[in-house]
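Visitor: Dropping a structure here in structure tokens format, bear with me for questions.
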Amino acid sequence: MTARSAMLAAAVEQGDIGNIGLAASGILVAVAVAVSMWRRLGLERDLLWAAVRALVQLLIVGWALQLVVDPDDPLIFAVLWIVVMVSFASWTTQRRASEVPKVLPLSLLSFSASAVVVLGVLFGFGIYELEGRTLVPLAGMVVGNSLSATVLVSRQLITASSEQRGVIEGRLALGLTSTAAFRPHLREALRTALVPQIESTKAVGIVALPGAMVGLILAGVDPADAVKVQVSVMYLVLGSVATTTAVMSLGISRELFTPAQQLKRRPGPPPD
Amino acid sequence: MSSRDVFELVGVSAGPSAAPILRDLDLDIPANGVTVLAGPSGSGKSTLLRLLNRLDDPVSGEVRWRGRPLTEWDPTELRRCVAMVFQRAPLFPGTVLENLRVALPEVDRERAVHVLEHVGLSGELLGHDADTLSGGEAQRMCVARALLTEPAVLLADEPTAALDRSSRETVEDLGRQLADSGVAVVWVSHDTDQLRRLADHVIVLTDGSVRAVGHLDDLDASDDPVVRRSVGSPS
């Protein structure tokens, strides 16, 4: 047994809380339920449902992950997993921002582009070994962390195209191209999506310990090693949010205008 | 200005394709002096104006300017030749100078002061935040901004509707002054007093169709009471 696999085995042993440990952690759900009953919040059923649902979902994911993380499994299973994740994220974006034109193909393009760029860097530079065990969780981080920002930027662009119509047409009427006329609104939407990520990146370690690092430390990994992984994950999140929102917003901008540099009219009263 | 500067509309329908506001319009709009588009609300005045610089396209038919279909013009080039001011002056973030630079990025302070003074504003306003301008000042600043593109035509979509009386008169004077200096003005107005002060030519629209076209004197002599009412003819 190599030193690395011995360390991993020890980590796994330390990190395995067992079924009894898992059941005991459920006491904390009972505490939350008790608080809800005590203050008559009426959230008992929601709390129990959320706790059970999270357990079942993660058990299923854990079981499914076993199919792709074994070094002997073909990498194609991991790739298929990513395709499913990207598709589900795109479908979710479509559901949450249904007013966006061509939202499904644009989301598919954005999440895929982000996955290619971010995973390309992480594996292309040999930061992580290319195997199912690394590919699936990292792709999950790319898609999961970009989802909210993508919905946010999409909705903000649509709102701007409607509420700021007068200003946008004011710029078009001065002979600006649609790209130039919409640029300030695009910039604002991208800033809105990226600033929270930048702020949480700045606050990491001071306000809260990030999840990946906590998980690794609990699993027995040396904190210094856990920090390195965490930092790479934070950079991954920044890169993926920036890439996904940039591709999405550029795609939406193109959909908002005609080739004749006209702002398309959305349902509503026409001019006099 | 040649007769080819005229806007020609041939079989134009425009507005939502399911229920066009303008229907099968054949019309020549003179591109000299001040042409006022008049008519009741919903008659299609603004819809028509927006076709002339391609902020919108007709659902059928063709619009031509200087003998060329508008679809053959580069839209950005067309809009710099056929400028537009709106009922609600769209102010961009930043100072008055920054607003002017949206139209002409290379404009220097000297030219910016000159164009402001041309529309009756003080050059001292250059450094002011555009948001702090009064309604009348904002509208005149928008005209100044549009003039920086050196347009041949200025489209004005009820530019005084949101202004008080004194600002309204100043903007009207500016419209007249521009027309006298060779910039053709096409002006949408609900206000018959304003129409009578400004118009060299009048086009009356009702229900998306042309009701009458002509000089004010001709329309005052019309037998059609709708036309006479639309141009505020003395009873």
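The values are calculated or read from the model by the stated rules, or taken from the named source; none is laboratory data. All values reported here derive from a predicted model rather than from experimental measurement. In this analysis, Cβ positions are derived from the backbone assuming ideal geometry, glycine residues included, and neighbour counts consider all displayed protein chains. SASA here: full protein model, heavy atoms, side chains in, ligands and nucleic acids out. Shrake-Rupley method; radii C 1.70, N 1.55, O 1.52, S 1.80 Å.
Visitor: By how many degrees, 0 to 90 and rounded to 10, does the Cα axis of helix A:103-124 deviate from the longest principal axis of chain A?
Guide: Roughly 50 degrees between the two axes.
Visitor: Ok, one more. How are the alpha carbon pair distances in the protein assembly as shown distributed across 20 Å bins from zero to the largest one, expressed in percent?
Guide: With 20 Å bins starting at 0, P(r) equals 19, 38, 23, 17, 3, 0.
Visitor: Further, regarding this structure: Hey, any idea what the orientation-averaged projected area of the convex hull of chain A's Cα atoms comes to, in nm²?
Guide: Numbers: hull surface 79.2 nm².
Taking a quarter of the hull surface, the average projection is 19.8 nm².
Visitor: Using modelled amide H (1.01 Å from N, peptide plane; none on Pro or chain starts), what sits under 5 Å from the amide H of A:A97, excluding residues fewer than 5 places away?
Guide: When sequence neighbours closer than 5 places are left aside, there are no close amide H contacts.
Visitor: Working from Cα positions, state the angle (0 to 90°, nearest 10) between the long axis of helix A:27-38 and the longest principal axis of chain A.
Guide: Long axis of A:27-38 versus the principal axis of chain A: about 60 degrees.
Visitor: Once amide H atoms are built 1.01 Å from N in the peptide plane, which residues 5 or more positions from B:F7, or in another chain, come under 5 Å H to H?
Guide: For B:F7, the qualifying residues are B:I29, B:A31.
Visitor: OK, next. Report the calculated FRET efficiency for A:L58 and A:I198 (r = Cβ-Cβ distance, R0 = 30 Å), to the nearest 0.05.
Guide: Computed FRET efficiency for A:L58 and A:I198 comes out at 0.50.
Visitor: With every protein chain kept in the model, how would you rank A:L28, A:L67 by accessible area, 1.4 Å probe, largest at the top?
Guide: Largest accessible area first, the list is A:L28, A:L67.
Visitor: Can you give the angle from 0 to 90° between the axis of helix B:165-180 and the longest principal axis of chain B, with both taken from C-alpha atoms, to the nearest 10?
Guide: 80 degrees
Visitor: Mind listing the long-range amide H neighbours of B:M84? Cut-off is under 5 Å, sequence gap 5 or more, other chains count too, H placed in the peptide plane at 1.01 Å from N.
Guide: Amide H neighbours of B:M84: B:L155.
Visitor: Taking θ as phi - 60°, what are the ³J(HN,Hα) couplings along region A:190-200 by the Karplus curve (6.51, -1.76, 1.60), each to the nearest whole Hz, with x for Gly and Pro?
Guide: Per residue, the Karplus-derived 3J(HN,Hα) values read 5, 4, 4, 6, 8, 4, x, 5, 5, 5, 5 Hz.
Visitor: Shifting gears a bit: Using the Cα centre as the reference, give the magnitude of the dipole from point charges on the C-beta atoms of chain A (Lys, Arg: +1; Asp, Glu: -1; all else neutral), rounded to the nearest 20 debye.
Guide: Working: 21 positive and 18 negative charges, 246 e Å.
Here the size comes out at about 1180 debye.
Visitor: Which of the peptides A:52-63, B:168-179, A:241-252 is most tightly packed, and how do the rest follow, judged by the mean count of other Cβ atoms within 10 Å per residue? Display every interim value, and only then the final one.
Guide: Working: A:52-63: 10.7, B:168-179: 19.1, A:241-252: 23.2.
Descending mean neighbour count gives A:241-252, B:168-179, A:52-63.
Visitor: A:K264: which lysines have alpha carbons under 30 Å from its alpha carbon, excluding same-chain residues fewer than 8 sequence positions away?
Guide: Partners found: A:K102, B:K45.
Visitor: Right, something else. May I ask you to compute the full-extension gain from B:E106 to B:D218, defined as 0.36 nm times their residue separation minus their alpha-carbon distance, rounded to one decimal in nm?
Guide: Details: separation 112, 0.36 × 112 = 40.32 nm, distance 4.61 nm.
Gain on extension, B:E106 to B:D218, equals 35.7 nm.
Visitor: What percentages make up the Cα-Cα pair-distance distribution of region A:13-116 when the bins are 5 Å wide from 0?
Guide: For region A:13-116, the binned pair fractions read 2, 10, 12, 13, 13, 13, 15, 12, 8, 3, 0 percent.
Visitor: Follow-up. From Cα pairs below 8 angstrom and at least 6 apart in sequence, can you work out the relative contact order of chain A, rounded to a whole percent?
Guide: 25 percent
Visitor: OK, next. Name the aspartates and glutamates eligible as straight-distance cross-link partners of A:K228: C-alpha to C-alpha under 17 Å, and not fewer than 8 places from it in the same chain.
Guide: Candidates past the 8-residue exclusion: A:E129.
Visitor: Here's another thing I want to ask about it. Keeping all protein chains in the complex and leaving out DNA, RNA and ligands, what accessible area do you get for B:D26 with a 1.4 Å probe, in Å² to the nearest 10?
Guide: Near enough 100 Å² of accessible area.
Visitor: Still on this structure, I have one more. For B:M141, A:M141, give me the order by solvent-accessible area with a 1.4 Å probe, most accessible first, ignoring ligands, DNA and RNA.
Guide: Putting B:M141, A:M141 in descending order of accessible area: A:M141, B:M141.
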